[in-house]
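Trainee: Mind looking over this structure? Questions follow.
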Amino acid sequence: MNAQTADTPVKAELRDGVLVVTIDNPPVNALGVDVRRGLSAAIERADDDSSVQAVLIVGAGRNFIGGADIREFGKLPMPPALPDVCNRIEACAKPVVAAIHGAALGGGLEVALAAHYRLAVAGAKLGLPEVTLGLLPGAGGTQRAPRLIGAAAALDLILSGRHIGAEEARQLGLVDRVGASGDALADGIAHVHELLAARAPVRRTRDAAGLADRRASRAAIEAAREQTAKKSRGLFSPLKIVDAVQAALELPFDDGLRHERQLFLQCIDSPQRAGLVHAFFAEREVLKAPETRTAKPRAIASVGVIGGGTMGAGIAVAALDAGLPVTMIERDDASLARGRAHVEKVYDAQIVKGRMTPEAKAAVMNRWTGSTSYDAIAHVDVAIEAVFEDLDVKKAVFAELDRVCKPGAVLATNTSYLDIDAIAASVARPADVIGLHFFSPANLMKLLEVVVPAKVSADVVATAFDFAKKLRKVPVRAGVCDGFIGNRVLAVYRTAADHMMEDGASPYQIDRAVREFGFPMGPFQVIDLAGGDIGWAARKRRAATRDPAARYVQIADRLCERGWFGQKTGRGFYLYADGARSGTPDPEVEAIVEAERERAGVAPREFTDDEIIRRYMAAMINEGANVVHEGIALRPLDVDVAFLYGYGFPRHRGGPMKYADSVGLAKVLADIREFAKEDPRFWRPSPLLVDLVERGADFASLNHAA
Ligand code: 3H9
C-alpha cells in the first residue's frame, strides 16, 4: 500500500482496464468530505487516463454506502457537495458501474443512480430513507429516481423511506441485474467486462425515459400530494418531496436539480430535521450502557414467563416472535388456559388480517409450553415475572424462582414501579435480579426499560440489552425509583393536565392541544384506552402516603366511582357508542368537571392551546431533568428515547429533552417559575435545570458525558 492509498477512504486501483473504486470509510462508508473528494478524484483520473476503459464503484466492509454523513448536517458545508460529485460521476465519459452489497441508502443510492449501470447482490438494502431524517434525497435522487423507475414507484420509495432488496430493485428497474455470485466485486467486474465486450455506451440516468408518460406521471404526483397532505401530520419534508418530484417532471434536468437543492436546504434548516437526526443517534446511543462495554452477556436460549395476564402473554409473544421457546407458569389450570388463550388471540388476529397462516401459528405455539409448577422453568435462561403489582406477591414469586431456577439464570421482574432492590434483597442471588419493564401491548411496544438494581452484576445488565435486541426492543437503562424513567415523568405531567382541567381547560381541549403538538393521543384518551380503574387503584393505594398539602384533583375518581373506566365500559372521559374505539365528548363529564371546580373553590379561566402545551411540556421536562439529576436516567437522551418509544412523543421533536433545548432552557425555567407563583409545591424547578441555565448550557451537553 502506498502513502496515497493509506490516507484516503477511497481507493482506486486499475485492474485489467477497469478502475476499481473502493469506498472504505467504516462503519458504513458514509459520504463524508474525504469520500466525496476521493470519488471526484477517481472519476477525474478515469477521464484523464487513457488506460482506463471503465469504472467500477464498490464498498468495502458490510455496505456499499450508508448515505451522506449525517454528522455533517448543520455544520459548515465542505466542498465538493454531494450533488456535484454525483453529476461528475454521471458526466464521466467512460462507463461507470455501481455494484451494490449491503446498504445503498440515501446519498449511497444517489451515487449508484448517477452511475451508468447498476447491479445489486442478494442481501443488498436499497432505499432513499431521507424522509425519516426530515430530509429529501438531495443529491439528485428526486430527479434521477423518477426518470429511472417512474414517478409512482419513485414517490413510493422516497415518501416511505423503505428499504428494498436486490430482486425488488431489479423488478422496479432501479438496478439492471442481481449479481450471480453474491460477491459484489466479482459480479461487478464480470458485468463491466460484459459491457465493454458489447461496447455498451455511457448511459446517463438524466436521459432515462421514466417520466415519458406525462399524464400518468402527473396523476401519480397529484395522488401522492393528496395522500401526503392527509397523512404526514405536520411533517415538513414529505410535501417538499412531492414538489421535488414534480420539478423532475416539469423542469429540464439541471433546473430540477437546482430546485431539489433549494428544497433540500429548507429541510436541512428545519427544526424537524434536528429532532429526527437527534432521534437517529439517540436510539443508537442508548444501546451503549456502561455494562455493555465491560461485561459479556449470558446466553439466552429459553424464556420462562410467570403470569398469563395481558402483560405476561404479551411478553410471551415477544419472546416467541424472536424464535425462543417459552414456558408459562400460572397458578392453576384455568388461569393457564386463559394465559394460552391470550397468546393465541394475538396470533389469531394476525391470521384474520392475513399476516400469518394457521400452520405458522401452529409452529409458533409448538414452542409454547405451560405449567402450574415452577419446576417446569428450572432450565430457563431468563425468567420474567408479570404477576399482580404487589410487593409481597412478587416476593413470593421470586422465592419460587430462587428455589427452582438453575444457577446463572437471569431473574427479571416486569414491575412498573415497585422497589426492585427490595425484591432482589429477598432472594439468595440478588446479583441475578433485574427489572425488565415492558410496555403494553408488550409484543408491539418497542420500549423496554432495563431497570438496574444496586446489587445486579454487570453481565446480567449486558444480558438484558442483548435480550432486548433479540426481541427487537429498544432498551433504555433506568435506575430504581417509583416509576423508573417513563412512568415517573408521566405521573407529573398527567398531574399538570389534571390541574389545568380543574382550572378551566376541558379534557377535550387538552387532548386536542397535545395531539396537535404531535402525540397520537391526549392524556385523557390514553387513560380511557388503558382503563381508568388502573390509575384509580394506584391512587387509592397511595392515598395514605400522599402529601396532604399537595393539590389533588378528584375528577378522575368521580368518573371511576360511576364505573366509567374508559373504552372497555363504553364511557370514561369520552363516550364510546357501541364499542367504538374513538370517543366523543361527554356533556355529563363536563358537568362533573364543573361541579368539581366548584367543590374545590376554583374560578375557571380560559387556557390557550399554547399555554396548555407550555405547562404540559414544562412538567415533563422538569421531571425529566430530575430523573437525569438523580442518575435514574444516564443522560437526557435516555429520557428522549423512552418517550419516543414508550409514550408516543412526536419523533420529529426528538424527545422532551431535545425539545427543551430547542425551546431554550432559560425559557422553560422562566415558565416553571411563573407557574410556581400559583402552586410552588408542584412547580419546583429541577436543580439540574437551574444549574444548566446558570451555566448557559443545554441538555445536549450532557449526552456524551456518561
Ligand atoms: C442523505 O444521504 C442525504 C442525501 O440525500 C443528500 C446529501 C446532500 N452518517 O445503524 P448502525 C453510524 S441522508 C453517519 O448501528 P447497522 C451510526 O451512528 C442519509 N453515521 O449499523 C453508528 O455509529 P456508532 C441517508 C452513520 O449495521 C454506526 O454508523 N442514509 C450513518 O445496524 C453503525 O450504524 C440513512 O438514513 C450515516 N449516514 O445499519 C441511513 N449511518 O457506532 C442511515 C450510520 O458510533 N443508516 N452511521 O453508534 C442506517 O440506516 C444504518 O446505519 C445502516 C447500517 C443500515 C446503514
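Trainee: Can you spot a residue in the stretch 575-597 that is assigned to a loop (DSSP other than H, G, I, E, B) and in contact with a strand residue (DSSP E or B) (Cβ under 6 Å, 6 or more places away or on another chain)?
Mentor: Scanning the stretch 575-597, I find at least one residue that is assigned to a loop (DSSP other than H, G, I, E, B) and in contact with a strand residue (DSSP E or B) (Cβ under 6 Å, 6 or more places away or on another chain), so the answer is yes.
Trainee: Of everything in the stretch 469-502 that's small (G, A, S) and surrounded by fewer than 22 Cβ atoms within 10 Å (Cβ to Cβ), which residue is farthest from E385 (Cα to Cα)?
Mentor: Within the stretch 469-502, the match that is farthest from E385 (Cα to Cα) is A491.
Trainee: Then there's this: Only one of G188, G150, G182 is at pLDDT 95 or above and on the phi > 0 side of the Ramachandran plot; which?
Mentor: Of the residues listed, the single one that is at pLDDT 95 or above and on the phi > 0 side of the Ramachandran plot is G150.
Trainee: Any idea which of (1) of a type outside the set (D, E); (2) within 22 Å of F388 (Cα to Cα); (3) not in a helix (DSSP H, G or I) is the one I423 doesn't satisfy?
Mentor: Only one criterion in (1) of a type outside the set (D, E); (2) within 22 Å of F388 (Cα to Cα); (3) not in a helix (DSSP H, G or I) is unmet by I423, namely (3).
Trainee: List the pairs whose first member sits in the stretch 294-316 and is among the hydroxyl-bearing types (S, T, Y), whose second member is surrounded by 24 or more Cβ atoms within 10 Å (Cβ to Cβ), and whose Cβ atoms are under 7 Å apart, counting only residues at least 6 apart or on separate chains?
Mentor: That search, which allows pairs on different chains as well, returns S302/V380.
Trainee: Only one of (1) over 32 Å from the mean Cα position of the chain (by Cα); (2) open to solvent by 40 Å² or more (accessible area, probe 1.4 Å) fails for D586. Which number is that?
Mentor: Of (1) over 32 Å from the mean Cα position of the chain (by Cα); (2) open to solvent by 40 Å² or more (accessible area, probe 1.4 Å), only one is false for D586: (2).
Trainee: List the number of the failed condition for H437; all other conditions in (1) of a type outside the set (A, V, I, L, M, F, W, C); (2) open to solvent by less than 20 Å² (accessible area, probe 1.4 Å); (3) in a helix (DSSP H, G or I) hold.
Mentor: Failing condition for H437: (3).
Trainee: Now for a separate question. Keeping to the stretch 69-103, report how many residues are closer than 26 Å to V192 by Cα, among the small types (G, A, S) and within 9 Å of the ligand (Cβ to nearest atom).
Mentor: Of the residues in the stretch 69-103, 2 are closer than 26 Å to V192 by Cα, among the small types (G, A, S) and within 9 Å of the ligand (Cβ to nearest atom).
Trainee: If you don't mind, there's one more thing I want to ask. Collect the residues in the stretch 302-319 that are more than 20 Å from A378 (Cβ to Cβ) and in contact with a helix residue (DSSP H, G or I) (Cβ under 9 Å, 6 or more places away or on another chain), keeping them in residue-number order.
Mentor: Correct list: G309, T310, A313, G314, V317.
Trainee: A further question on this structure: Among the numbered conditions (1) at pLDDT below 95; (2) surrounded by 18 or more Cβ atoms within 10 Å (Cβ to Cβ), tell me where L391 comes up short.
Mentor: Among (1) at pLDDT below 95; (2) surrounded by 18 or more Cβ atoms within 10 Å (Cβ to Cβ), the lone unmet condition for L391 is (2).
Trainee: Quick check on my filter: what residues within the stretch 10-43 are β-branched (V, I, T) and either away from the ligand (no atom under 16 Å from the Cβ) or crowded, with 22+ Cβ neighbours inside 10 Å (or both)?
Mentor: V10, V18, V20, V21, T22, I23, V35, I43
Trainee: Residues in the stretch 137-165 that are surrounded by 24 or more Cβ atoms within 10 Å (Cβ to Cβ) and either in contact with a Cys (Cβ under 6 Å, 6 or more places away or on another chain) or assigned to a helix (DSSP H, G or I) (or both): how many?
Mentor: 14
Trainee: Filter the stretch 53-68 down to residues that are more than 14 Å from the ligand (Cβ to nearest atom) and more than 15 Å from D187 (Cα to Cα), then give me how many there are.
Mentor: 1
Trainee: Residue under question is S426, and the condition is that it be touching a residue at least 60 places away in the same chain (Cβ under 8 Å) and of a type outside the set (D, E); does it hold?
Mentor: no
Trainee: Let me ask something additional. Considering only residues that are more than 10 Å from the ligand (Cβ to nearest atom) and open to solvent by less than 10 Å² (accessible area, probe 1.4 Å), which ones fall in the stretch 104-133?
Mentor: Scanning the stretch 104-133 gives A112, L113, A114, A115, H116, R118, L119, A120, V121, A124, L126.
Trainee: For the stretch 646-653, state whether one or more residues are farther than 22 Å from S701 by Cα, open to solvent by 20 Å² or more (accessible area, probe 1.4 Å) and outside any helix (DSSP H, G or I).
Mentor: Yes, the stretch 646-653 contains a residue that is farther than 22 Å from S701 by Cα, open to solvent by 20 Å² or more (accessible area, probe 1.4 Å) and outside any helix (DSSP H, G or I).
Condition check ((1) within 28 Å of the chain's Cα centre (by Cα); (2) open to solvent by 70 Å² or more (accessible area, probe 1.4 Å); (3) closer than 15 Å to R206 by Cα) across all residues:
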| site | (1), (2), (3) |
| --- | --- |
| R225 | yes, no, no |
| K231 | yes, yes, no |
| P238 | yes, no, no |
| L249 | no, no, yes |
| F253 | no, no, yes |
| R258 | no, yes, yes |
| L263 | yes, no, no |
| C267 | yes, no, no |
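Trainee: If the requirement is being modelled with pLDDT under 95, surrounded by 18 or more Cβ atoms within 10 Å (Cβ to Cβ) and farther than 22 Å from V668 by Cα, which of these qualifies: G579, G532, G572?
Mentor: Of G579, G532, G572, the one residue that is modelled with pLDDT under 95, surrounded by 18 or more Cβ atoms within 10 Å (Cβ to Cβ) and farther than 22 Å from V668 by Cα is G532.
The values are calculated or read from the model by the stated rules, or taken from the named source; none is laboratory data. Bear in mind the structure is a predicted one, so any value in this text is a computation, not a measurement. Quick reminder, even Gly has a Cβ in these numbers, built from the backbone with ideal geometry, and neighbours come from all protein chains shown. Side chains are part of the model used for accessible areas, which takes the heavy atoms of the whole protein and leaves out ligands, DNA and RNA. Shrake-Rupley method; radii C 1.70, N 1.55, O 1.52, S 1.80 Å.
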